[in-house]
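The values are calculated or read from the model by the stated rules, or taken from the named source; none is laboratory data. Treat the numbers as computed from the prediction; the structure is a model and nothing was measured. Here the Cβ positions follow ideal geometry from the backbone for every residue, glycine too, while neighbour counts run over all protein chains shown. The area values use the complete protein model at the heavy-atom level, side chains included, leaving out ligands, DNA and RNA. Shrake-Rupley method; radii C 1.70, N 1.55, O 1.52, S 1.80 Å.
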Amino acid sequence: AQAWLAQGLRPAAMVGHSIGEFVAATLAGVFSLADALRLVARRGRLMQAQPAGGMLSIRMPLPALLARLPATLSLAAENSPAACVVAGQADDIGALQVQLEADGIACRPLRTSHAFHSAMMAPVMVPFREEVAAVARGVPTIPIVSCVTGDWLDVADAMSPEYWSRHLREPVL
């Protein structure tokens, strides 16, 4: 990306899915490359230290999914109007998969070790917020779409350790 920028090609806006938003934020000047690499590595270590979990991709619109989503699972992503991902304990994911398949709803488990963007990530929010608070943050110089809100990332959120902490727990929109 830096090579393209050096050639004078500048994006009008950027978006990154989950960890990809760190790339966008780095290119926009929110984080230095060194700090972003440290944050992403720390985020990964914190998340991997949590209990194992699962994720299930489901071909279903969000409102219909939410009506069927057990309290034990979390919406992890709304990838399109008809494609969502849920996350949580592997047994709960398996039970939902059986129910959905019995009703003819397409779904498939994702190959992942943990229930990312779920309630199972809540214990790492405070330690990660502290990590973000310890690094310099700058005002974005290129507009970014937030995967937390699905809207433009405003300066306050880009600069906020709380935003980046929520980023690892809340669904990707």
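Here are some notes:
- Dipole magnitude of the chain about its Cα centre (Cβ charges: Lys, Arg +1; Asp, Glu -1), debye to nearest 20: 380 debye
- Estimated purely from DSSP H runs of n ≥ 4, each contributing -39500 (n - 2.57), the mean residue ellipticity at 222 nm for the chain is -11500 deg cm²/dmol once divided by its residues.
- Label zone at Val15, where the point sits 7 Å out along the Cα-to-Cβ direction: the range 21-38 residues whose backbone N lies under 19 Å: 21-28
- The structure-derived value of semi-axes √(5λ) of the Cα gyration tensor in Å appears in the list [x] 27, 18, 15; [y] 40, 19, 14; [z] 31, 19, 13 under the label [z].
- Using a probe of 1.4 angstrom and keeping all protein chains present, the accessible surface of the chain works out to 50 square angstrom per residue.
- Solvent-accessible area, 1.4 Å probe, carbon plus sulfur percent, for the chain: 60 percent
- Nitroxide proxy distance, nm - points 7 Å out along Cα→Cβ at Val139 and Trp4: 2.5 nm
- Amide H contacts of Ala76: Val85, Val86, Ala87, each under 5 Å away and 5 or more positions distant or on a separate chain (H built 1.01 Å from N in the peptide plane; Pro and chain starts excluded).
- Contact order, relative form, for the chain: 30 percent (alpha carbon pairs under 8 Å, 6 or more residues apart, mean separation divided by residue count).
- Gain in span if fully extended, Glu130 to Arg108, counting 0.36 nm per residue against the direct Cα distance: 4.4 nm
- The range 151-168 and the range 29-80: distance between their alpha carbon centers, rounded to Å: 15 Å
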